[in-house]
Structure formats: structure tokens, C-alpha cells
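Asks: Let me begin by handing over the structure; questions about it come next.
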Amino acid sequence: MTLLRRLCLALIPLLLLAACATPARVPLRVNVATVERAEGASMELRFIARLRVQNANDAPVEFNGASVELLLADGKTIGTGVVDTRGSVPRFGETFVDVPVTVSALGEVRQAIGLYGAPDRKLDTVLKGRLSGSSFDDLRFEWRGELAMPQPR
């Protein structure tokens, strides 16, 4: 056996041992902290979805964008949003990412849920999304809650 071959055979067990000793990374956690109304044009509603990103690892994690989809409880998409925010979640820490969400089919939403004249103007919704990163696979998340709809003018 040549010297190079012996060296390679000796290093294989060491590399396997090092791979086993490397601690596995805990996945980031993404939760929807709030969904609040924002200013919008007359024919659309705007919301800000504030995402709480938590890192339970011993090293900071970089991220580079997020996208969300706002759905009615029956699964119909009524709004979407994207943001190109880049940032870092500190080790054993958390950060917030604000994603603007636009609902442009306002008349259709009101008609679909019968909000005209309703005293309780709440809408059961689902917010689905993903957080994108270069050092991890995209993280998908889902939030269910109520959004307050504006009074018709």
C-alpha cells in the first residue's frame, strides 16, 4: 500500500468520529407575533405581519427574506406579502421580521363573509409563510387568528 492510501484509510475513522461529535442544529422557530392594520390605498387593505424568529442554537443564524399568504378560513387566498429583509438571529435569542401584506380583493372579501352591517367585524384567517435562509432550508409556518375589518364608507 502506498503512503497516501494508508493516510486516507487512517483519516476516514477520524472524519466519521468528528461528524458524529458535531452537535445537530436545532431548527429555528417562527411564530406570528401580531398582525396589525397599516395604511393602504382606497381599494386595498394593508396589514403588517410581525414574525418572531427564535434561535435555540449556540451560534447566530442569518436569514434573507420572508413571504406570506393570507387566507380565509375556507382556504381562499385574499392577500400576499414579501419582504427582502436580511438579518441575523443571535445565539439563544430572537428577532422580529415585519412583512407587509396586501389584500386587494376587498369587495370580494366583504361579500364572501357577509360583513356589510355586521357589528362584529372580525374575520377568521390563516397566515401561511416561509422564512428564507442561506444556512438552512426554508422554514414554513402557519398562524390562525382573527383580523378586524374596516367599516365600509
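The values are calculated or read from the model by the stated rules, or taken from the named source; none is laboratory data. Small disclaimer: the values here were computed from a predicted structure and weren't measured. Note: ideal-geometry Cβ built from the backbone for every residue, glycine included; neighbour counts use all protein chains shown.
Asks: If you check every pair at least six apart or on different chains, which have Cβ atoms under 6 Å apart with a residue in region 134-153 that is part of a loop (DSSP other than H, G, I, E, B) and surrounded by 12 or more Cβ atoms within 10 Å (Cβ to Cβ) first and a residue that is basic (Lys, Arg) and at pLDDT below 70 second?
Replies: From residues that are part of a loop (DSSP other than H, G, I, E, B) and surrounded by 12 or more Cβ atoms within 10 Å (Cβ to Cβ), the pairs are MET149/ARG121.
Asks: Picking from ALA148, ALA112, which residue would you name as being at pLDDT below 80, aliphatic (A, V, I, L, M) and closer than 14 Å to LEU71 by Cβ? Walk me through how you get there before you give the answer.
Replies: Numbers: ALA148 fails: closer than 14 Å to LEU71 by Cβ.
The conditions single out ALA112.
Asks: For the condition farther than 22 Å from ARG29 by Cβ and at pLDDT 80 or above, what is the one hit in THR125, THR102? Give the derivation first.
Replies: Details: THR125 fails: farther than 22 Å from ARG29 by Cβ.
Of THR125, THR102, the one residue that is farther than 22 Å from ARG29 by Cβ and at pLDDT 80 or above is THR102.
Asks: Sticking with this structure for a sec: For the condition modelled with pLDDT of 85 or more, of a type outside the set (Ser, Thr, Tyr) and in contact with a Ser or Thr (Cβ under 9 Å, 6 or more places away or on another chain), what is the one hit in GLY93, GLY79?
Replies: Values: GLY93 fails: in contact with a Ser or Thr (Cβ under 9 Å, 6 or more places away or on another chain).
Result: GLY79 is the single residue among GLY93, GLY79 that is modelled with pLDDT of 85 or more, of a type outside the set (Ser, Thr, Tyr) and in contact with a Ser or Thr (Cβ under 9 Å, 6 or more places away or on another chain).
Asks: Right, next: Going through region 39-70 one residue at a time, which ones are under 14 Å from THR95 (Cβ atoms) and of a type in the set (Val, Ile, Thr)?
Replies: Listed by number, the residues that qualify are VAL53, VAL61.
Asks: Out of the residues in region 33-44 that are without any contact (Cβ under 8 Å) to a residue 40 or more places away in the chain and either assigned to a strand (DSSP E or B) or of a type in the set (Gly, Ala, Ser) (or both), state the one that is surrounded by the fewest Cβ atoms within 10 Å (Cβ to Cβ).
Replies: Of everything passing the filter in region 33-44, SER42 is surrounded by the fewest Cβ atoms within 10 Å (Cβ to Cβ).
Asks: Could you run through region 45-98 and say how many residues are part of a strand (DSSP E or B) and without any contact (Cβ under 8 Å) to a residue 12 or more places away in the chain?
Replies: Taking region 45-98 first, the residues part of a strand (DSSP E or B) are 45-55, 61-63, 66-72, 77-83, 87-89, 93-98.
Going one step further and asking which of them are without any contact (Cβ under 8 Å) to a residue 12 or more places away in the chain, we end up with 77.
Qualifying residue count, region 45-98: 1.
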